[in-house]
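The values are calculated or read from the model by the stated rules, or taken from the named source; none is laboratory data. What you are looking at is a predicted structure, and each value in this text was computed from that prediction instead of being measured. All Cβ positions, even for glycine, are placed from backbone atoms using ideal geometry, and neighbour counts span all protein chains on display. Calculation scope for accessible area: heavy atoms of the full protein, side chains included, ligands and nucleic acids excluded. Shrake-Rupley method; radii C 1.70, N 1.55, O 1.52, S 1.80 Å.
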Amino acid sequence: NLHPYPAHQYYPQVNDVSSVSTLPMPSVLIQQSTTAAGGYDVEIVESRRFLLRLNPLYQQIRQKPELALSPGEREHVTHFLERGRLFIDQLRRRYSLLHKVVTYLVNFQHDFLEQGALYLHPLTQTAVAQSLDIHVSTISRAVAGKFAQLPSQELIPLNRFFASDVRVQELIRQLIATETTPLSDAQQCAHH
């Protein structure tokens, strides 16, 4: 039972997908713009990544009466064409909603994008939902698990735009970084 490479068991297997951690992919790109009203362009990457369309051959099959199709076969083609259209339409709505939400976030958190986490304004999903006339659960589902790439190339979860405590955390981080001697919490509060 000798192992010529004793640490080999700690390395992930190349074919073991579950053990290899993957970096998150941005769903949204936020880029500075000279033409956009708020100074930033919002691009939904998923809409390019998953470009779907219906095969025109199926449309041709449905429209050509000279093809010897039984009524059941013609109904089958029509049914799946409609399902495909519905699926693609739902994806477009999803991308449109995500674009609308992120555009709102970019405009509201303009100071955060310009000057960093210390300038993040408190914002709740409920406030965004009310402003956009959308149910709050729709906002929650739209941003869940999604990441935005900022103009600085930093990749952040979209939920961070809602985190009101990030500003406090950043302020504490700056206070600790600038202190010359370690201070207690009480001394930090009294000092600042």
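List pairs: first residue in the range 111-127 and farther than 15 Å from Gln32 by Cα, second residue among the hydrophobic types (A, V, I, L, M, F, W, C) and open to solvent by less than 40 Å² (accessible area, probe 1.4 Å) anywhere in the structure, Cβ distance under 6 angstrom, at least six positions apart or on different chains. As it stands, the answer is Ala117/Val166; Tyr119/Phe112; Leu120/Phe112; Leu120/Val166; Leu123/Phe162; Gln125/Ile139; Gln125/Phe162, since those pairs meet every condition given. Taking the criterion of being more than 26 Å from Lys146 (Cα to Cα) and among the charged types (D, E, K, R), the residues of the range 71-115 that qualify are Glu73, Arg74, Glu75, Glu82, Arg83. When Leu98, Leu29, Leu57 are checked against the criterion of being in contact (Cβ under 8 Å) with a residue 24 or more places away in the chain and assigned to a helix (DSSP H, G or I), a single residue qualifies: Leu98. If the condition is being open to solvent by 60 Å² or more (accessible area, probe 1.4 Å) and part of a helix (DSSP H, G or I), then the range 112-128 contributes Glu114, Gln115, Tyr119, Thr126. Among the conditions (1) loosely packed, with under 15 Cβ neighbours inside 10 Å; (2) touching a residue at least 40 places away in the same chain (Cβ under 8 Å); (3) over 19 Å from Val42 (Cβ atoms), Ala163 misses just one, which is (1).
Looking at Arg74, Arg53, Arg94, Arg85, which one is basic (Lys, Arg), open to solvent by less than 70 Å² (accessible area, probe 1.4 Å) and out of contact with any strand residue (DSSP E or B) (no Cβ under 7 Å at 6 or more places or on another chain)?
Details: Arg53 fails: open to solvent by less than 70 Å² (accessible area, probe 1.4 Å); Arg94 fails: open to solvent by less than 70 Å² (accessible area, probe 1.4 Å); Arg85 fails: open to solvent by less than 70 Å² (accessible area, probe 1.4 Å).
Checking each option against the conditions leaves just Arg74.
Scanning the range 129-144 for residues that are outside any helix (DSSP H, G or I) and in contact (Cβ under 8 Å) with a residue 12 or more places away in the chain, which turns out least open to solvent (accessible area, probe 1.4 Å)? If we take residues in the range 129-144 being outside any helix (DSSP H, G or I) and in contact (Cβ under 8 Å) with a residue 12 or more places away in the chain, then Ile134 is least open to solvent (accessible area, probe 1.4 Å).
When you scan the range 32-54, how many residues do you find that are outside any loop (DSSP other than H, G, I, E, B) and at pLDDT 80 or above?
Adding up the residues that qualify gives 7.
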